[in-house]
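One structure below.
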Amino acid sequence: MREAVIVSAARTPIGKAYRGAYNNTGAPTLGSYSIKEAINRAGIDAAEVEDVVMGCAQQQGTQALNIGRLSGMAAGLPDSVPGMTIDRQCSSGLMAIATGAKQIITDNMDVVVAGGIESISLVQTADFRLDSDPLVLDMQQHAYMPMIETADYVAEKYGVSREAQDEYSLESQMRTAAAQNAGKFDDEIITTTSTKLVKIKKPEKLQKKQLSFQKMKVIDQKLLLRVYHLFLLYMVRVSLYLQVMPLSFLMVLQQ
């Protein structure tokens, strides 16, 4: 039986939505950074790639019209290399990699590029469109429930307390800070260049700024813990004032 193995991997740094380094970078360009680097690290010719499979949850804007195919083109792959896009929401990228493995094992392909992409800055904008189908709602009334409502429902159903969520959020952030400070992700996070849009207040206008973008800086763990405690104190005061418990939240801090 044939086996599938991962021979190389690469990913871009994480940028802030709307205000980060990739707020003016089209999705095909964003995808091309990782594809080109992964191919280079694998030591193969681009023409050897037999398919590009990309996972993407919001296929609108520059992510529309088969971002898998478009990312391959932007990466300089020959036009003979096909591509496809998979939407399984939050697990789209993982599903793309699983599908690529299946193509190796079952379809006898030798080289497949697979991964995930999501551009919040250029997709979830004022032009973002999402419509519901009455028939779907007749069959499943919660079919279009957003993730934040799903999280609240699951927390209530399984008795996950606010405190437990806060503790897990903090632990996750501190693990990320420790791993990045220890260089755990240095081999997979690549350096890219981009043109960022910067809003100038006086006079009010948008200005383009060229920059080289590396892995995001992480907040010192002691500072993160201090910010966390101050935030909890603030939320408690707000809760007492309103006489209600605050909603669950996921704290993500970066600089």
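What follows is calculated from the coordinates using simple rules that are stated; it is not laboratory data. Keep in mind that what you see is a predicted model, and the values were worked out from it rather than measured. Virtual Cβ from ideal backbone geometry, glycine too; neighbours counted across all protein chains shown.
Each part gets one Cα centre, and for region 58-123 versus region 136-156 those centres are 27 Å apart.
Excluding residue 112 itself, calculate the net charge of residues whose Cβ lies under 12 Å from the Cβ of residue 112, where each Lys or Arg counts +1 and each Asp or Glu counts -1. Summing Lys and Arg as +1 and Asp and Glu as -1 gives -4.
Length gained on full extension, residue 143 to residue 127, computed as 0.36 nm times the residue gap minus the Cα-Cα distance: 3.5 nm. Over region 1-129, the ratio between the Cα radius of gyration and 2.2 N^0.38 Å evaluates to 1.03.
Entry note, region 1-55: relative contact order of 38 percent, from Cα contacts under 8 Å with a spacing of 6+ residues. One decimal place: the segment residue 160-residue 184 gains 5.6 nm when fully extended, by the rule 0.36 nm per residue minus the C-alpha distance. On a 25 Å Cα-Cα criterion, which of the cross-link pairs 16/208; 36/199; 16/184; 157/184; 16/157; 16/102 come out too long? Beyond 25 Å: 36/199; 157/184; 16/157; 16/102. Between residue 89 and residue 197, full extension at 0.36 nm per residue minus the direct alpha carbon distance yields a gain of 36.1 nm. Remark: 201, 184 ranked as 201, 184, counting other beta-carbon atoms within 10 Å and listing the fewest first.
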